[in-house]
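These notes are about the structure you will find just below.
The values are calculated or read from the model by the stated rules, or taken from the named source; none is laboratory data. Owing to the predicted nature of the structure, the values given are computational and were not obtained by experimental measurement. Note: ideal-geometry Cβ built from the backbone for every residue, glycine included; neighbour counts use all protein chains shown. Keep in mind that these areas ignore ligands, DNA and RNA; they rest on the heavy atoms of the full protein, side chains included. Shrake-Rupley method; radii C 1.70, N 1.55, O 1.52, S 1.80 Å.
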Amino acid sequence: MLTHVLQAKDSLTSTTLRSVLSEVYAADKVAKDKVSSSTIASILRKAVSKRNDAVSKFVQASRQDLADGLLQEAAIIEKFLPPLLSATDIDEALCQAIAALPEAAQKSHGQIFKIFYQEIDRSAVDTNLVKQRLNTLLSQK
């Protein structure tokens, strides 16, 4: 992919991909083994998040030109991300996690999250959405 981008002389895409690849290589050096695909997905999500955070700061500072560039970079990175689980899928997994606990522990967020994340990879979900959905499910009971 990177070689095609370089041949097409798309500097924005090549620079963005190189920066993300450097983060993946850095994680690979730190780890004893090769980094897992879920770790790579997590690195990509963090890269998108960093860019989106910077966009909001640039917009506040009236620097729309810089914000637009970062939005384009975020869109490039998002092409490589696996899709996140839907709210319905998260609800199903949370209900299964709650049902697996004894009744006295069914309100314990920590224990529910422990069971949930044993079944679901963190890189496949938006953790804030999981917290929100759990609070909604527990308030309905």
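Pair-distance distribution of segment 79-141: all C-alpha pairs, bin width 10 Å, starting at 0; shares per bin in whole percent are 22, 57, 17, 4, 0. Cross-link partners of Lys131 among aspartates and glutamates, defined as those whose alpha carbon lies under 13 angstrom from its own and excluding same-chain residues fewer than eight positions apart: Asp91.
Each other residue within a Cβ distance under 13 Å of Val20 adds +1 if Lys or Arg and -1 if Asp or Glu, for a net charge of +2.
Label sites at Lys79 and Ser56, each approximated as a point 7 angstrom past Cα along Cα to Cβ, lie 2.7 nm apart. The 1.4 Å probe gives accessible areas that order Lys32, Lys79, largest first, as Lys32, Lys79. Would segment 54-94 count as rounded, prolate or oblate if I go by the C-alpha gyration tensor, calling it rounded below 1.5 in a/c and otherwise prolate when a/b exceeds b/c, oblate otherwise? Cα axes put segment 54-94 in the oblate bin. Placing pseudo-labels 7 Å out from each Cα toward the beta carbon at Ser37 and Arg18 gives an inter-label distance of 2.8 nm.
Hey, any idea what % of the chain's accessible area is carbon plus sulfur with a 1.4 Å probe? Each step should come with its number before you reach the end.
Values: 5010 of 9190 Å².
Answer for the chain: carbon and sulfur cover 54 percent of the accessible area.
Taking other residues whose beta carbon is less than 11 angstrom from the beta carbon of Ala41, and scoring Lys, Arg as +1 and Asp, Glu as -1, yields +2.
Note on Arg122: accessible area approximately 140 square angstrom, rounded to 10, probe 1.4 Å, nucleic acids and ligands left out. Under the simplified labelling scheme, the Ala87-Asp126 pair shows an inter-label distance of 0.9 nm, with each label point 7 Å from Cα along Cα→Cβ.
About the centre of its Cα atoms, the chain shows a dipole size close to 380 debye [charges on the beta carbon of Lys, Arg (+1) and Asp, Glu (-1) only; nearest 20 debye].
State whether segment 25-141 is rounded, prolate or oblate according to the following rule on the C-alpha gyration tensor (a ≥ b ≥ c being the square roots of its eigenvalues): a/c under 1.5 gives rounded; otherwise a/b larger than b/c gives prolate, and the remaining case gives oblate. Because a/c hits 1.5 or more and a/b fails to exceed b/c, segment 25-141 counts as oblate. Considering the dipole of segment 1-139 built from charges on the beta carbon (Lys and Arg +1, Asp and Glu -1) around the Cα centre, which of Ile120, Ile40, Pro82 is farthest to its positive end? So the residue furthest toward the plus end is Ile40. Across Glu23, Glu78, the residue with the most accessible area heads the list, and the full order at a 1.4 Å probe is Glu78, Glu23.
Shape of segment 22-89 from its Cα gyration tensor (a ≥ b ≥ c, root eigenvalues): rounded if a/c is under 1.5, otherwise prolate when a/b > b/c, or oblate? It is oblate, given that a/c is not under 1.5 and a/b is not larger than b/c. Residue pairs exceeding 28 angstrom between C-alpha atoms, taken from Lys50/Lys79; Lys32/Lys107; Lys9/Lys46; Lys57/Lys114; Lys46/Lys114: Lys32/Lys107; Lys57/Lys114.
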